[in-house]
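I have placed the structure first, in the form of C-alpha coordinates, so that the comments after it can refer back to it.
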Amino acid sequence: MKITAARVIVTCPGRNFVTLKIETDQGVYGIGDATLNGRELSVVAYLEEHVIPALIGKDPRRIEDAWQYFYRGAYWRRGPVTMRAIAAVDVALWDIKGKMAGMSITDLLGGASRDSVLVYGHANGADLEGTIDAVGQYIDLGYTAIRAQSGIPGIKLAYGVGRGTLHYEPADATLPTETVWNTSKYLDYCPKLFDALRSNYGNDHELLHDGHHRLTPNEAAQLGKNLEPYRLFWLEDITPAENQEAFRHIRQHTTTPLAVGEIFNTIWDAKDLIQNQLIDYIRMTIVGSGGITHLRRVADFAALWQVRTGSHGATDLSPVTMGAALQFDMWVPNFGIQEYMRHTEETDAVFPHAYSFDKGRLHPGAVVGHGVDIDEALAARYPYKPAQLPVARLEDGTMWNW
Ligand code: CS2
Ligand code: MG
(Lines give C-alpha, C1' and ligand atoms only; values in the text may rest on other atoms or scores of the structure.)
(Ligands and ions follow the chains in the order given, each with its own letter.)
Protein backbone atom coordinates (compact mmCIF):
# COMPACT_ATOMS: atom_id res chain seq x y z
CA MET A 1 0.00 0.00 0.00
CA LYS A 2 1.34 3.44 -0.93
CA ILE A 3 0.62 7.13 -0.47
CA THR A 4 0.05 8.52 -3.95
CA ALA A 5 -0.79 12.15 -3.23
CA ALA A 6 -1.07 14.64 -0.40
CA ARG A 7 -2.19 18.24 -0.41
CA VAL A 8 -3.04 21.09 1.90
CA ILE A 9 -6.45 22.74 1.89
CA VAL A 10 -6.75 26.19 3.46
CA THR A 11 -10.23 27.51 4.11
CA CYS A 12 -11.81 30.30 6.14
CA PRO A 13 -15.46 29.54 6.91
CA GLY A 14 -15.48 32.21 9.65
CA ARG A 15 -11.91 31.47 10.72
CA ASN A 16 -8.87 29.89 9.06
CA PHE A 17 -8.27 26.14 9.00
CA VAL A 18 -5.42 24.16 7.46
CA THR A 19 -6.21 20.55 6.49
CA LEU A 20 -3.91 17.89 5.10
CA LYS A 21 -5.47 15.28 2.82
CA ILE A 22 -3.49 12.10 2.12
CA GLU A 23 -4.54 9.80 -0.73
CA THR A 24 -3.50 6.18 -1.30
CA ASP A 25 -3.33 3.68 -4.13
CA GLN A 26 -6.26 1.79 -2.55
CA GLY A 27 -8.61 4.71 -3.10
CA VAL A 28 -8.82 5.39 0.65
CA TYR A 29 -7.88 8.85 1.91
CA GLY A 30 -7.42 10.38 5.34
CA ILE A 31 -7.46 13.96 6.64
CA GLY A 32 -5.63 15.69 9.47
CA ASP A 33 -5.84 19.21 10.95
CA ALA A 34 -2.72 21.42 10.93
CA THR A 35 -4.22 24.74 12.06
CA LEU A 36 -1.97 27.08 14.08
CA ASN A 37 -3.99 30.15 15.01
CA GLY A 38 -2.50 33.32 13.51
CA ARG A 39 0.43 31.41 11.94
CA GLU A 40 -1.50 29.17 9.53
CA LEU A 41 0.64 29.73 6.46
CA SER A 42 3.87 28.77 8.28
CA VAL A 43 2.48 25.26 8.70
CA VAL A 44 1.28 25.22 5.10
CA ALA A 45 4.83 26.01 3.93
CA TYR A 46 6.32 23.41 6.27
CA LEU A 47 3.96 20.74 4.96
CA GLU A 48 4.32 21.64 1.31
CA GLU A 49 8.08 22.18 1.29
CA HIS A 50 9.30 19.57 3.75
CA VAL A 51 6.68 16.95 4.51
CA ILE A 52 4.56 16.18 1.46
CA PRO A 53 7.49 15.38 -0.88
CA ALA A 54 8.73 12.79 1.64
CA LEU A 55 5.25 11.29 2.14
CA ILE A 56 4.73 10.23 -1.46
CA GLY A 57 5.47 6.53 -1.91
CA LYS A 58 5.45 5.76 1.86
CA ASP A 59 3.34 2.90 3.21
CA PRO A 60 0.45 4.64 5.07
CA ARG A 61 0.09 1.68 7.42
CA ARG A 62 3.44 2.51 9.04
CA ILE A 63 2.16 5.32 11.27
CA GLU A 64 4.87 4.95 13.89
CA ASP A 65 7.64 5.04 11.33
CA ALA A 66 6.17 8.15 9.71
CA TRP A 67 6.01 9.83 13.13
CA GLN A 68 9.64 9.00 13.91
CA TYR A 69 10.71 10.01 10.41
CA PHE A 70 9.21 13.49 10.67
CA TYR A 71 10.21 13.98 14.33
CA ARG A 72 13.72 12.52 14.57
CA GLY A 73 14.38 12.87 10.90
CA ALA A 74 13.75 16.62 10.88
CA TYR A 75 16.82 17.17 13.09
CA TRP A 76 15.21 20.51 14.17
CA ARG A 77 12.81 18.97 16.62
CA ARG A 78 9.67 20.17 18.38
CA GLY A 79 7.98 23.57 18.15
CA PRO A 80 4.39 24.48 17.23
CA VAL A 81 4.90 24.47 13.45
CA THR A 82 6.74 21.14 13.19
CA MET A 83 4.51 19.36 15.67
CA ARG A 84 1.31 20.54 13.96
CA ALA A 85 2.60 19.29 10.62
CA ILE A 86 3.42 15.93 12.22
CA ALA A 87 0.00 15.86 13.89
CA ALA A 88 -1.73 16.39 10.55
CA VAL A 89 0.16 13.47 8.98
CA ASP A 90 -0.42 11.26 12.03
CA VAL A 91 -4.17 11.91 12.27
CA ALA A 92 -4.63 11.42 8.52
CA LEU A 93 -2.80 8.07 8.73
CA TRP A 94 -4.90 6.90 11.71
CA ASP A 95 -7.95 7.92 9.70
CA ILE A 96 -6.77 5.82 6.76
CA LYS A 97 -5.99 2.84 9.00
CA GLY A 98 -9.45 3.03 10.54
CA LYS A 99 -11.10 3.19 7.13
CA MET A 100 -9.03 0.20 5.90
CA ALA A 101 -9.98 -1.80 9.00
CA GLY A 102 -13.58 -0.65 9.06
CA MET A 103 -13.00 0.50 12.65
CA SER A 104 -13.08 3.72 14.61
CA ILE A 105 -9.81 5.11 16.00
CA THR A 106 -11.17 4.37 19.49
CA ASP A 107 -11.39 0.71 18.53
CA LEU A 108 -7.91 0.75 17.02
CA LEU A 109 -6.57 2.18 20.30
CA GLY A 110 -8.11 -0.59 22.38
CA GLY A 111 -11.78 0.20 22.54
CA ALA A 112 -14.02 2.57 24.47
CA SER A 113 -13.48 3.15 28.19
CA ARG A 114 -16.72 5.18 28.47
CA ASP A 115 -20.02 5.80 26.73
CA SER A 116 -19.61 9.50 25.95
CA VAL A 117 -17.26 12.42 26.59
CA LEU A 118 -17.75 15.04 29.31
CA VAL A 119 -17.15 18.50 27.84
CA TYR A 120 -17.01 22.03 29.14
CA GLY A 121 -18.35 25.06 27.33
CA HIS A 122 -17.26 28.70 27.44
CA ALA A 123 -19.54 31.16 29.17
CA ASN A 124 -18.37 34.74 29.06
CA GLY A 125 -19.82 38.14 29.72
CA ALA A 126 -18.74 41.76 29.55
CA ASP A 127 -19.27 42.21 33.32
CA LEU A 128 -20.42 40.33 36.43
CA GLU A 129 -24.12 40.35 35.51
CA GLY A 130 -23.40 39.37 31.92
CA THR A 131 -21.22 36.46 33.03
CA ILE A 132 -23.81 35.23 35.51
CA ASP A 133 -26.37 35.27 32.69
CA ALA A 134 -23.99 33.52 30.28
CA VAL A 135 -23.35 30.70 32.77
CA GLY A 136 -27.13 30.35 33.18
CA GLN A 137 -27.48 30.09 29.42
CA TYR A 138 -24.94 27.24 29.32
CA ILE A 139 -26.74 25.47 32.14
CA ASP A 140 -29.95 25.79 30.12
CA LEU A 141 -28.18 24.27 27.11
CA GLY A 142 -27.43 21.23 29.25
CA TYR A 143 -23.77 21.78 30.11
CA THR A 144 -22.68 20.36 33.45
CA ALA A 145 -19.16 21.84 33.24
CA ILE A 146 -18.73 25.50 32.35
CA ARG A 147 -15.70 27.72 31.99
CA ALA A 148 -16.44 31.28 33.14
CA GLN A 149 -14.51 34.29 31.83
CA SER A 150 -15.56 37.87 32.39
CA GLY A 151 -14.74 41.43 31.50
CA ILE A 152 -12.94 42.96 34.47
CA PRO A 153 -13.89 46.42 35.76
CA GLY A 154 -11.21 48.86 34.62
CA ILE A 155 -9.60 46.50 32.08
CA LYS A 156 -10.19 47.07 28.38
CA LEU A 157 -10.60 43.90 26.28
CA ALA A 158 -10.14 41.18 28.90
CA TYR A 159 -9.13 37.71 27.68
CA GLY A 160 -11.95 35.28 27.00
CA VAL A 161 -14.79 37.75 26.43
CA GLY A 162 -16.42 36.98 23.12
CA ARG A 163 -18.31 38.88 20.50
CA GLY A 164 -21.40 36.78 20.84
CA THR A 165 -22.66 34.52 23.54
CA LEU A 166 -21.70 31.19 21.98
CA HIS A 167 -18.64 31.94 19.88
CA TYR A 168 -15.35 33.31 21.16
CA GLU A 169 -12.75 34.13 18.56
CA PRO A 170 -9.68 36.07 19.64
CA ALA A 171 -7.82 36.29 16.28
CA ASP A 172 -9.27 39.32 14.59
CA ALA A 173 -6.94 41.65 12.71
CA THR A 174 -4.03 41.66 10.28
CA LEU A 175 -1.90 43.22 13.04
CA PRO A 176 -2.45 42.08 16.63
CA THR A 177 -5.06 44.00 18.61
CA GLU A 178 -3.43 45.60 21.68
CA THR A 179 -5.08 44.79 25.00
CA VAL A 180 -4.21 46.17 28.45
CA TRP A 181 -3.65 44.11 31.58
CA ASN A 182 -3.79 44.87 35.31
CA THR A 183 -3.08 41.97 37.67
CA SER A 184 -4.37 43.65 40.86
CA LYS A 185 -7.78 44.35 39.35
CA TYR A 186 -8.01 40.75 38.16
CA LEU A 187 -6.96 39.29 41.52
CA ASP A 188 -9.62 41.38 43.30
CA TYR A 189 -12.37 40.59 40.83
CA CYS A 190 -11.95 36.89 40.12
CA PRO A 191 -13.04 35.52 43.56
CA LYS A 192 -16.08 37.87 43.47
CA LEU A 193 -17.06 36.37 40.13
CA PHE A 194 -16.95 32.78 41.40
CA ASP A 195 -18.65 33.73 44.65
CA ALA A 196 -21.51 35.18 42.60
CA LEU A 197 -21.68 32.12 40.35
CA ARG A 198 -21.85 29.71 43.27
CA SER A 199 -24.45 31.88 45.08
CA ASN A 200 -26.61 31.96 41.95
CA TYR A 201 -26.31 28.38 40.76
CA GLY A 202 -25.21 26.33 43.75
CA ASN A 203 -22.59 23.61 43.71
CA ASP A 204 -24.02 21.11 41.24
CA HIS A 205 -22.01 22.26 38.22
CA GLU A 206 -18.32 22.08 37.52
CA LEU A 207 -16.81 25.54 37.08
CA LEU A 208 -13.51 26.20 35.30
CA HIS A 209 -11.39 29.28 34.70
CA ASP A 210 -8.48 30.20 32.43
CA GLY A 211 -5.81 32.62 33.68
CA HIS A 212 -4.16 32.63 30.22
CA HIS A 213 -0.57 32.82 31.48
CA ARG A 214 -0.94 36.26 33.11
CA LEU A 215 0.22 35.76 36.73
CA THR A 216 3.54 35.20 38.47
CA PRO A 217 3.78 31.96 40.49
CA ASN A 218 3.10 33.79 43.76
CA GLU A 219 0.11 35.70 42.36
CA ALA A 220 -1.17 32.40 40.99
CA ALA A 221 -0.81 30.85 44.45
CA GLN A 222 -2.83 33.71 45.95
CA LEU A 223 -5.59 33.32 43.39
CA GLY A 224 -5.73 29.53 43.79
CA LYS A 225 -6.07 29.95 47.54
CA ASN A 226 -8.77 32.63 47.24
CA LEU A 227 -10.78 30.45 44.86
CA GLU A 228 -10.72 27.36 47.08
CA PRO A 229 -14.18 28.00 48.63
CA TYR A 230 -15.76 27.84 45.15
CA ARG A 231 -14.43 24.33 44.35
CA LEU A 232 -13.22 24.89 40.82
CA PHE A 233 -12.82 21.89 38.53
CA TRP A 234 -9.59 23.57 37.45
CA LEU A 235 -7.63 26.76 37.17
CA GLU A 236 -5.91 26.81 33.80
CA ASP A 237 -2.61 28.32 32.57
CA ILE A 238 -2.29 30.39 35.67
CA THR A 239 1.37 31.14 35.08
CA PRO A 240 3.55 30.52 32.04
CA ALA A 241 5.05 27.04 32.14
CA GLU A 242 8.31 27.50 30.28
CA ASN A 243 9.87 26.90 33.68
CA GLN A 244 7.97 23.84 34.85
CA GLU A 245 9.51 24.14 38.32
CA ALA A 246 7.55 27.41 38.83
CA PHE A 247 4.45 25.34 39.53
CA ARG A 248 5.98 23.92 42.71
CA HIS A 249 5.41 27.23 44.49
CA ILE A 250 1.74 27.37 43.45
CA ARG A 251 1.19 23.76 44.43
CA GLN A 252 2.60 24.31 47.90
CA HIS A 253 0.02 27.01 48.59
CA THR A 254 -3.24 25.82 47.10
CA THR A 255 -5.33 22.71 46.53
CA THR A 256 -7.28 24.28 43.66
CA PRO A 257 -6.74 21.81 40.78
CA LEU A 258 -4.31 23.04 38.14
CA ALA A 259 -4.44 22.48 34.38
CA VAL A 260 -1.88 23.40 31.77
CA GLY A 261 -0.62 22.37 28.34
CA GLU A 262 -2.52 23.93 25.43
CA ILE A 263 0.70 25.46 24.08
CA PHE A 264 2.89 22.42 24.81
CA ASN A 265 4.21 20.45 21.85
CA THR A 266 5.82 17.33 23.30
CA ILE A 267 6.12 15.29 26.47
CA TRP A 268 9.30 17.27 27.25
CA ASP A 269 7.21 20.37 27.97
CA ALA A 270 5.17 18.45 30.56
CA LYS A 271 7.49 15.83 31.99
CA ASP A 272 8.49 17.62 35.20
CA LEU A 273 5.00 18.97 35.84
CA ILE A 274 3.61 15.46 35.59
CA GLN A 275 6.19 13.42 37.42
CA ASN A 276 6.41 15.90 40.28
CA GLN A 277 2.61 15.93 40.52
CA LEU A 278 2.52 19.70 40.10
CA ILE A 279 -0.63 19.61 37.95
CA ASP A 280 -3.90 17.71 37.91
CA TYR A 281 -4.81 17.93 34.23
CA ILE A 282 -2.67 17.92 31.12
CA ARG A 283 -4.29 19.98 28.37
CA MET A 284 -2.13 18.95 25.43
CA THR A 285 -4.08 18.37 22.27
CA ILE A 286 -3.79 16.12 19.25
CA VAL A 287 -3.16 18.95 16.79
CA GLY A 288 -0.69 20.79 19.05
CA SER A 289 1.43 17.86 20.06
CA GLY A 290 2.20 15.55 17.21
CA GLY A 291 -1.08 13.69 16.85
CA ILE A 292 -2.54 10.59 18.43
CA THR A 293 0.76 8.71 18.39
CA HIS A 294 2.41 11.21 20.71
CA LEU A 295 -0.58 12.20 22.84
CA ARG A 296 -1.11 8.55 23.70
CA ARG A 297 2.42 8.43 25.17
CA VAL A 298 1.81 11.61 27.15
CA ALA A 299 -1.45 10.24 28.54
CA ASP A 300 0.11 6.92 29.51
CA PHE A 301 2.95 8.73 31.28
CA ALA A 302 0.46 11.05 33.03
CA ALA A 303 -1.58 8.06 34.20
CA LEU A 304 1.35 6.88 36.31
CA TRP A 305 0.93 10.04 38.40
CA GLN A 306 -2.87 10.17 38.36
CA VAL A 307 -2.79 13.21 36.12
CA ARG A 308 -5.83 13.26 33.82
CA THR A 309 -6.38 14.62 30.32
CA GLY A 310 -8.28 17.79 29.49
CA SER A 311 -7.57 18.49 25.84
CA HIS A 312 -7.66 21.97 24.40
CA GLY A 313 -10.68 22.34 22.12
CA ALA A 314 -10.98 26.01 21.16
CA THR A 315 -12.54 26.98 17.82
CA ASP A 316 -9.12 27.34 16.22
CA LEU A 317 -8.86 23.54 16.40
CA SER A 318 -10.88 22.32 13.43
CA PRO A 319 -13.71 19.76 13.56
CA VAL A 320 -11.08 17.26 12.32
CA THR A 321 -9.19 17.71 15.59
CA MET A 322 -12.45 17.54 17.53
CA GLY A 323 -13.41 14.27 15.83
CA ALA A 324 -9.96 12.78 16.47
CA ALA A 325 -9.92 14.09 20.06
CA LEU A 326 -13.26 12.43 20.78
CA GLN A 327 -11.93 9.13 19.46
CA PHE A 328 -8.97 9.54 21.80
CA ASP A 329 -11.12 10.67 24.74
CA MET A 330 -13.41 7.67 24.41
CA TRP A 331 -10.40 5.37 24.80
CA VAL A 332 -7.99 7.12 27.16
CA PRO A 333 -8.29 5.52 30.62
CA ASN A 334 -7.19 8.65 32.52
CA PHE A 335 -9.68 10.96 30.80
CA GLY A 336 -10.63 14.13 32.68
CA ILE A 337 -12.66 16.43 30.45
CA GLN A 338 -12.67 17.81 26.90
CA GLU A 339 -12.94 21.50 26.03
CA TYR A 340 -15.70 22.12 23.50
CA MET A 341 -16.29 25.47 21.87
CA ARG A 342 -18.93 25.33 19.21
CA HIS A 343 -17.84 25.99 15.64
CA THR A 344 -19.95 28.21 13.42
CA GLU A 345 -22.53 26.66 11.10
CA GLU A 346 -20.32 27.52 8.10
CA THR A 347 -17.42 25.58 9.64
CA ASP A 348 -19.60 22.60 10.48
CA ALA A 349 -20.83 22.52 6.87
CA VAL A 350 -17.28 22.52 5.45
CA PHE A 351 -16.32 19.65 7.77
CA PRO A 352 -19.19 17.12 7.83
CA HIS A 353 -19.01 15.03 11.00
CA ALA A 354 -21.03 12.59 13.07
CA TYR A 355 -20.33 13.85 16.62
CA SER A 356 -23.15 15.50 18.51
CA PHE A 357 -23.77 17.26 21.81
CA ASP A 358 -26.37 16.09 24.30
CA LYS A 359 -26.77 16.87 28.03
CA GLY A 360 -23.27 18.17 28.62
CA ARG A 361 -21.54 15.39 26.72
CA LEU A 362 -20.28 14.76 23.22
CA HIS A 363 -21.12 11.53 21.43
CA PRO A 364 -18.70 10.55 18.66
CA GLY A 365 -21.28 8.66 16.60
CA ALA A 366 -20.67 5.38 14.78
CA VAL A 367 -17.72 6.16 12.53
CA VAL A 368 -14.70 4.62 10.85
CA GLY A 369 -11.41 6.47 11.33
CA HIS A 370 -12.17 9.78 13.07
CA GLY A 371 -15.35 10.29 11.11
CA VAL A 372 -14.75 13.86 9.90
CA ASP A 373 -14.56 14.80 6.22
CA ILE A 374 -13.95 17.97 4.26
CA ASP A 375 -16.25 19.30 1.55
CA GLU A 376 -13.59 20.68 -0.75
CA ALA A 377 -15.95 22.50 -3.11
CA LEU A 378 -17.50 24.34 -0.18
CA ALA A 379 -14.08 24.95 1.43
CA ALA A 380 -12.92 26.64 -1.79
CA ARG A 381 -15.67 29.23 -1.37
CA TYR A 382 -13.98 30.60 1.78
CA PRO A 383 -10.50 31.91 0.92
CA TYR A 384 -7.82 32.45 3.59
CA LYS A 385 -8.09 35.71 5.54
CA PRO A 386 -5.09 36.89 7.56
CA ALA A 387 -5.93 37.17 11.29
CA GLN A 388 -3.69 37.34 14.34
CA LEU A 389 -4.02 36.78 18.04
CA PRO A 390 -3.98 39.90 20.25
CA VAL A 391 -1.05 41.06 22.36
CA ALA A 392 -1.18 42.45 25.91
CA ARG A 393 0.63 45.34 27.60
CA LEU A 394 0.64 46.50 31.19
CA GLU A 395 -0.86 49.94 31.82
CA ASP A 396 2.61 51.56 31.57
CA GLY A 397 3.12 50.05 28.12
CA THR A 398 5.31 47.08 29.09
CA MET A 399 4.67 44.00 26.98
CA TRP A 400 2.93 41.23 28.91
CA ASN A 401 1.59 37.76 28.17
CA TRP A 402 -1.66 37.79 26.25
C1 CS2 B 1 -7.70 29.04 25.14
C2 CS2 B 1 -7.89 29.52 23.80
O3 CS2 B 1 -8.41 27.56 26.76
C4 CS2 B 1 -8.56 27.94 25.64
O5 CS2 B 1 -9.38 27.51 24.86
O6 CS2 B 1 -6.76 29.48 26.00
O7 CS2 B 1 -8.97 30.41 23.81
C8 CS2 B 1 -6.67 30.18 23.18
O9 CS2 B 1 -6.60 31.50 23.56
C10 CS2 B 1 -6.76 30.04 21.71
O11 CS2 B 1 -6.82 28.70 21.36
C12 CS2 B 1 -5.59 30.71 21.02
O13 CS2 B 1 -5.62 30.43 19.67
MG1 MG C 1 -6.66 28.17 27.66
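The values are calculated or read from the model by the stated rules, or taken from the named source; none is laboratory data. It should be emphasised that the depicted structure is a prediction, and the values quoted were computed from it without experimental measurement. Cβ: placed from backbone, ideal geometry, glycine included. Neighbour counts: every protein chain shown. Only protein heavy atoms, including side chains, enter the accessible area calculation; ligands, DNA and RNA are left aside. Shrake-Rupley method; radii C 1.70, N 1.55, O 1.52, S 1.80 Å.
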message: Between region 75-137 and region 344-402, what is the separation of their alpha carbon centroids in Å?
response: 11
message: Compute the angle between helix 217-227 and the longest alpha-carbon principal axis of the chain, please, reported from 0 to 90 degrees and rounded to the nearest 10.
response: 70
field: J(HN,Hα) series, region 319-330, from Karplus relation 6.51 cos²θ - 1.76 cosθ + 1.60, nearest Hz, glycine and proline x
entry: x, 5, 5, 4, x, 5, 4, 5, 4, 5, 4, 5
task: Take peptides 171-179, 91-99, 191-199, 275-283 and line them up by average Cβ neighbours within 10 Å, highest first, as a rough protection proxy.
output: 91-99, 275-283, 191-199, 171-179
message: What's the magnitude of the charge dipole for the chain around its Cα centre, counting Lys and Arg as +1 and Asp and Glu as -1 at the beta-carbon? Answer in Debye, nearest 20.
response: 740
statement: Note, region 87-97: 3J(HN,Hα) by Karplus (6.51, -1.76, 1.60, θ = phi - 60°), whole Hz, Gly/Pro = x, goes 4, 4, 5, 4, 5, 5, 6, 5, 5, 4, 4
- request: Scan around Ala392 for amide H atoms under 5 Å from its own, H built in the peptide plane at 1.01 Å from N, and keep only partners 5 or more places away or cross-chain.
  value: Thr179, Trp400, Trp402
- prompt: What is the set of long-range amide H partners of Glu206 at a cut-off below 5 Å, with H atoms built 1.01 Å from backbone N?
  reply: Ala145, Ile146
Cut-off under 5 Å, modelled amide H: who pairs with Gly369 long-range: Gly98, Lys99, Met103, Ser104, Ile105
message: Could you work out what % of the accessible surface of region 3-103 is carbon and sulfur, using a 1.4 angstrom probe and leaving DNA, RNA and ligands out of the count?
response: 52
- prompt: Which aspartates and glutamates have a Cα less than 13 Å from the Cα of Lys225, not counting those fewer than 8 places away in the same chain?
  reply: Asp188
Table column - 3J(HN,Hα) (Hz), region 239-245, Karplus curve with 6.51, -1.76, 1.60, x for Gly and Pro: 8, x, 10, 4, 9, 4, 4
field: Shape category assigned to region 3-103 from the gyration tensor of Cα positions, a/c cut at 1.5
entry: oblate
message: Under 21 Å between alpha carbons, and skipping anything fewer than 8 positions from Lys156 in its own chain: which lysines qualify?
response: Lys185, Lys192
message: Quick check: pseudo-label points 7 Å beyond the Cα along Cα→Cβ at Asp59 and Met103, how many nm apart are they?
response: 1.8
query: Taking K and R as +1 and D and E as -1, what net charge do the other residues with C-beta under 11 Å from the C-beta of Pro352 add up to?
result: -3
query: So which lysines can Lys99 reach, going by Cα to Cα under 18 Å and dropping same-chain residues fewer than 8 places off?
result: Lys2, Lys21, Lys58
Of Ala220, Ala45, Asn276, farthest towards positive along the dipole that unit charges on Lys, Arg, Asp, Glu beta carbons give the chain: Asn276
field: Contour minus Cα-Cα distance for Thr216 and Thr4 (0.36 nm per residue)
entry: 71.3 nm
For the chain, accessible area per residue (1.4 Å probe, heavy atoms of protein chains only), Å²: 39
- request: Can you tell me the FRET efficiency between Arg114 and Gln137 if r is taken as the Cβ-Cβ distance and R0 is 35 Å, rounded to the nearest 0.05?
  value: 0.85
- prompt: Tilt of helix 128-141 relative to the longest C-alpha principal axis of the chain, in degrees (0 to 90, nearest 10)?
  reply: 40
message: Taking the Cα centre as origin and putting +1 on Lys and Arg beta-carbons and -1 on Asp and Glu beta-carbons, what dipole magnitude results for region 314-386, to the nearest 20 debye?
response: 140
- prompt: Which value, in Å to one decimal place, does the Kirkwood hydrodynamic radius take for region 109-369 when every pair of different Cα atoms is included?
  reply: 18.7
